[in-house]
Amino acid sequence: MDDDSTTMPKGVAIFSAIIGWAYTFLWTVSFYPLLISNIRRRSTHGVSVDFCLLNLLGMTAYAIYNITMRFSPVVRRQYAARNPQNPTPIVQSNDVAYALHGLFISATIYSQFYPRLWGFDTAKPSRISPWCSLVFWGCIIAALVGAFVAILVPYSQSWMWLDVIYLVGNIKTFLTLLKYIPQTWLNYKRKSTQGLPLLPFALDIAGASLSLLQLLIDSAYSSNQPTALSNPVKLLLAYVTICFDLVFFFQHYVLYRNATDDDLLGGRHADEEDHRLLETELR
């Protein structure tokens with residue numbers, strides 16, 4: 001049983017834990033439809049490489065955030081000193097499990113954009129956009145600078161390792177906000193959502209809703225009422241996820257509901273068709 005559940009009735013603590021593992025399961029399963037779809041089609045056609053790269057970096061940041069908030073004695077001690085009325089971070093074991101699994105699957109999906117690794121048929125390589133590269137390296141540099149300052153001034157009360165972890169968590173939130181934009185834009189350019197399975201986004205919405213419910217339950221029985229704000233990353237991730245998932249459903253069922261299914265052509269033929277269209281435009 002998690003130590004932060006000791007301030008609530010046993011039955012409520014068990015219910016919170018069940019909800020936590022339920023949304024962890026939903027979010028865990030949500031990684032697989034895209035992975036399996038790419039393997040089945042032997043193509044990443046219709047999937048944005050920028051989306052997958054930013055998702056990979058975001059899951060890396062989220063794993064670091066959850067692991068340190070859950071297990072680091074230094075970070076937890078600094079958190080307790082800064083929040084004496086609510087000294088235990090609301091990061092549970094299911095958060096750590098989800099982050100580590102998500103990191104592994106996100107890395108696997110991103111690797112599918114390299115034909116030499118998977119043998120996928122493609123007429124053109126997937127290239128990371130300049131703005132995505134800027135965001136990617138900007139986030140890494142920001143985290144490294146934050147860590148360097150914490151090392152340089154180890155006894156500072158204004159910037160501690162806790163603040164570095166908050167920075168990493170905010171990077172995850174920032175990337176979650178941005179990562180859906182490339183996929184939304186790609187759908188717009190193609191006037192289609194084909195090649196992008198919608199099951200992950202349905203599972204996302206269900207998981208995000210349960211994540212919010214668990215956080216509200218934990219907050220209600222905490223010694224400090226607005227303690228949901230002590231885990232702003234989890235709170236904002238749920239809201240952002242739900243909003244963008246609804247955008248994808250709107251694109252699929254309203255804007256591009258009559259789009260041609262690329263799967264009828266096969267991944268290779270669809271890529272070759274795009275390649276021919278590009279050559280025609282260049283002429």
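The values are calculated or read from the model by the stated rules, or taken from the named source; none is laboratory data. This one's a predicted model, so the numbers in the text were calculated from it and none came from an experiment. Note that we place each Cβ from the backbone using ideal geometry, even for glycine, and neighbour counts take in every protein chain shown. The accessibility values were calculated without ligands, DNA or RNA, using every heavy atom of the protein model including side chains. Shrake-Rupley method; radii C 1.70, N 1.55, O 1.52, S 1.80 Å.
Could you say whether any residue in segment 124-134 is at pLDDT 95 or above, of a type in the set (A, V, I, L, M, F, W, C), closer than 20 Å to Leu53 by Cα and exposed (fewer than 11 other Cβ atoms within 10 Å of the Cβ)? So far as segment 124-134 goes, yes, one or more of its residues are at pLDDT 95 or above, of a type in the set (A, V, I, L, M, F, W, C), closer than 20 Å to Leu53 by Cα and exposed (fewer than 11 other Cβ atoms within 10 Å of the Cβ). Name the single residue, out of those in segment 135-159 being exposed (fewer than 14 other Cβ atoms within 10 Å of the Cβ) and not in a helix (DSSP H, G or I), that is nearest to the chain's Cα centre (by Cα). Top of the filtered list is Ser158.
Pairing each residue of segment 49-64 that is open to solvent by less than 10 Å² (accessible area, probe 1.4 Å) with any residue that is assigned to a helix (DSSP H, G or I) and of a type in the set (Ser, Thr, Tyr), provided the two are 6+ apart or on different chains, yields C-beta distances under 7 Å for Cys52/Tyr110; Gly58/Thr176; Met59/Ser106.
Filtering segment 209-216 for residues that are among the aliphatic types (A, V, I, L, M) and closer than 23 Å to Phe136 by Cβ leaves an empty set. When you check Arg40 against the structure, is it without any contact (Cβ under 8 Å) to a residue 12 or more places away in the chain and either open to solvent by 10 Å² or more (accessible area, probe 1.4 Å) or under 30 Å from Arg127 (Cβ atoms) (or both), yes or no? Answer is yes for this residue. Beta carbons closer than 7 Å, at least 6 apart along the sequence or on distinct chains, pair a first residue in segment 199-211 that is at negative phi with a second that is surrounded by fewer than 19 Cβ atoms within 10 Å (Cβ to Cβ) and not aliphatic (A, V, I, L, M) for Leu199/Pro33; Pro200/Pro33; Phe201/Phe249.
Counting only residues that are at pLDDT below 90 and either surrounded by fewer than 21 Cβ atoms within 10 Å (Cβ to Cβ) or over 17 Å from the mean Cα position of the chain (by Cα) (or both), how many does segment 97-113 have?
Going residue by residue through segment 97-113, those that are at pLDDT below 90 are 97-98.
So of that shortlist, the ones also either surrounded by fewer than 21 Cβ atoms within 10 Å (Cβ to Cβ) or over 17 Å from the mean Cα position of the chain (by Cα) (or both) come out as 97.
Adding up the residues that qualify gives 1.
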